[in-house]
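First the structure, in the form of structure tokens, and then the observations on it.
The values are calculated or read from the model by the stated rules, or taken from the named source; none is laboratory data. Note that the structure is a prediction, hence the values are computed from the model and not measured. Virtual Cβ from ideal backbone geometry, glycine too; neighbours counted across all protein chains shown. When the accessible area is computed, the model is the full protein with side chains, heavy atoms only, and any ligands, DNA or RNA have been set aside. Shrake-Rupley method; radii C 1.70, N 1.55, O 1.52, S 1.80 Å.
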Amino acid sequence: MSPGPSSTRSSGTVLITGASRGIGKELARQYESDGWRAIGTTRREFDVTDYSGIRQFAAGLKGVPIDLLLCNAGIAGKRGTALGSFDYDSWEEVLRVNLLGAAAVAEAFVENVAASDRRVVAFMSSRLGSITEASGHTLPYATSKAALNALAKGLSVALADRGIIVVALSPGWVRTDMGGKGAPLSPEESVRGLRKVIEGLEPGDSGRFLNHDGTPIPW
Ligand SMILES: NC(=O)c1ccc[n+]([C@@H]2O[C@H](COP(=O)([O-])OP(=O)(O)OC[C@H]3O[C@@H](n4cnc5c(N)ncnc54)[C@H](OP(=O)(O)O)[C@@H]3O)[C@@H](O)[C@H]2O)c1
């Protein structure tokens, strides 16, 4: 990965899920103010667990190149569940949104990405999804992001011959509804870092798990 400049070199079209608030909203705001066409989707367009809704929305964008697909929508699930008090309904919902929802979005828009100049798919993961760094906490969320990482790595291989770069990104711990008020990073700071990382991506970076400051995170 080459170090990117502090502002983006080029513009294009970016589609971001989960753009109603938090990191997704800030991604859409920054890309748009930098001259990109930012398509920020919310549940009004489609819920990421509604596969036919996703396909319907994608049909409306048929033939439109998408340089950067940011699968960002995610949930934390029920807080405080641990061995002995697992809430399987909540866990299933976390997997449906964080893993299957991201997969469905990637599947629906892959032709748009393939038709673009930049050809990048980025999954918003979390350091908590690192198996190497497993903390033993927040297991439903951690397992969903570990599985999302496996999806990112797998798609990086599956899509390599189409020149599509696929990465898993961690935004850091960010002050959003999910991250809470005590998080050290503002959405502005996290997104500035994420954009710089994305801007510097090269084909050799496909299949990597990268932090918002560009440092690699062990799977
Ligand atoms: N904040 C952190 O510290 C942190 C750390 C690591 C990773 N992340 C990841 O970063 C991403 C964004 O997190 P955030 O902090 O911005 O969270 P957030 O403030 O809670 O926002 C989550 C976004 O995802 C959307 N969303 C949730 N479920 C959805 C569904 N079924 N269909 C469509 N949209 C859905 C929400 O839409 P509604 O407004 O409609 O609910 C909202 O726009 C997530 O993938 C999260 O796991 C965050």
Please specify each residue of the stretch 93-114 satisfying the condition of being under 26 Å from Ala142 (Cα atoms), open to solvent by less than 20 Å² (accessible area, probe 1.4 Å) and out of contact with any Ser or Thr (no Cβ under 9 Å at 6 or more places or on another chain). Ala106, Phe109
Search result, residues across the stretch 95-145 that are free of Cβ contacts under 8 Å to residues at least 24 places away in the same chain and in contact with a Gly (Cβ under 7 Å, 6 or more places away or on another chain): Ala142
Selection within the stretch 165-178 - open to solvent by less than 20 Å² (accessible area, probe 1.4 Å) and not hydroxyl-bearing (Ser, Thr, Tyr): Ile165, Val166, Val167, Ala168, Leu169, Pro171, Val174
Filtered residues of the stretch 1-17 (kept if modelled with pLDDT of 95 or more and either within 9 Å of the ligand (Cβ to nearest atom) or not hydrophobic (A, V, I, L, M, F, W, C) (or both)): Gly12, Thr13, Thr17
Among the residues of the stretch 18-38, the number that are surrounded by fewer than 21 Cβ atoms within 10 Å (Cβ to Cβ), more than 14 Å from the ligand (Cβ to nearest atom) and not in a loop (DSSP other than H, G, I, E, B) is 3
Against the definition (without any contact (Cβ under 8 Å) to a residue 60 or more places away in the chain and farther than 20 Å from Trp219 by Cα), how does Gly163 come out, yes or no? yes
Does Gly74 satisfy the criteria of being part of a helix (DSSP H, G or I) and either closer than 20 Å to Lys25 by Cα or open to solvent by less than 30 Å² (accessible area, probe 1.4 Å) (or both)? no
Among the numbered conditions (1) near the ligand (Cβ under 8 Å from one of its atoms); (2) in contact with a strand residue (DSSP E or B) (Cβ under 7 Å, 6 or more places away or on another chain), tell me where Asp47 comes up short. (2)
Can you spot a residue in the stretch 204-211 that is open to solvent by 20 Å² or more (accessible area, probe 1.4 Å), in contact with a Ser or Thr (Cβ under 6 Å, 6 or more places away or on another chain) and assigned to a loop (DSSP other than H, G, I, E, B)? yes
Please find, within the stretch 70-98, the residue that is farthest from the ligand (Cβ to nearest atom) out of those that are modelled with pLDDT of 95 or more and among the aliphatic types (A, V, I, L, M). Leu95
Pick from the stretch 115-138 the residues that are touching a strand residue (DSSP E or B) at 6+ places or on another chain (Cβ under 9 Å) and open to solvent by 70 Å² or more (accessible area, probe 1.4 Å): which of them is nearest to Leu70 (Cα to Cα)? Arg119
Kindly provide the set of residues from the stretch 89-118 that are in contact with a Pro (Cβ under 7 Å, 6 or more places away or on another chain) and small (Gly, Ala, Ser), ordered by number. Ser90, Ala115, Ser116
Cβ-Cβ under 6 Å, sequence separation 6+ or interchain: first residue in the stretch 184-203 and surrounded by 17 or more Cβ atoms within 10 Å (Cβ to Cβ), partner part of a helix (DSSP H, G or I) and not hydroxyl-bearing (Ser, Thr, Tyr). Which pairs? Pro187/Ile23; Pro187/Glu26; Val191/Glu26; Val191/Leu27; Val191/Gln30
Checked against (1) more than 21 Å from Lys25 (Cβ to Cβ); (2) in a helix (DSSP H, G or I); (3) open to solvent by 10 Å² or more (accessible area, probe 1.4 Å), Ser144 satisfies every condition except (3)
